[in-house]
Amino acid sequence: MQITQSINRNALMIATFSFLLGTILLLLHLIVSWEQIIMIGLFYVIIAIVLNGITFIGLLANTIINYHYYKENLTTVLVFLLNIPIAIGYFLIVINNPFHNTIL
C-alpha cells in the first residue's frame, strides 16, 4: 500500500522507531539487567507516551479532515496502535523477568 500523506508516513516512522528502541531496551535489560537500563527505559516510556500521544491526536485530526483517504488513515492508526499491546507485553516481561540474574 502506498502511503501518500506525510503525516501518515511520519507516524509510521515514529511507531517503528518506538518499537525498535523499546525492543532494544528490553533486550538490553534481559541480557545485562543493569538498574540504569530500567531508569533509561522509564525515561524512554515517558517520552514515548508524550510523543506518541501528540502524534495520535494528529492522526485522528487528519482522519477527520482527510476522510477521503480513509483506508490509508485507518491502516496508519491501526499500525500505530499496535505499539500499545507490545509495550504492555514488554512491561510484563520486565516485571516478571524469568532470567533475572541468571545470564550474567
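Each reported figure results from applying straightforward, stated rules to the coordinates on display, with no laboratory input. Just so you know, these numbers come straight off a predicted model, no measurement behind them.
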(request) List, in order, the whole-Hz ³J(HN,Hα) value for each residue of the stretch 11-28 obtained from phi through the Karplus relation with A = 6.51, B = -1.76, C = 1.60 and θ = phi - 60°; use x for Gly and Pro. (result) 5, 5, 5, 5, 5, 5, 4, 4, 4, 5, 5, x, 5, 4, 5, 5, 5, 4
(request) For the stretch 57-65, just list the computed ³J(HN,Hα) in residue order, Karplus coefficients 6.51, -1.76 and 1.60, θ = phi - 60°, integers in Hz, with x standing in for Gly and Pro. (result) 4, x, 5, 5, 5, 5, 5, 6, 5
(request) Give, in whole angstrom and from largest to smallest, the semi-axes √(5λ) of the equivalent ellipsoid of the chain, with λ running over the eigenvalues of the Cα gyration tensor. (result) 33, 12, 10
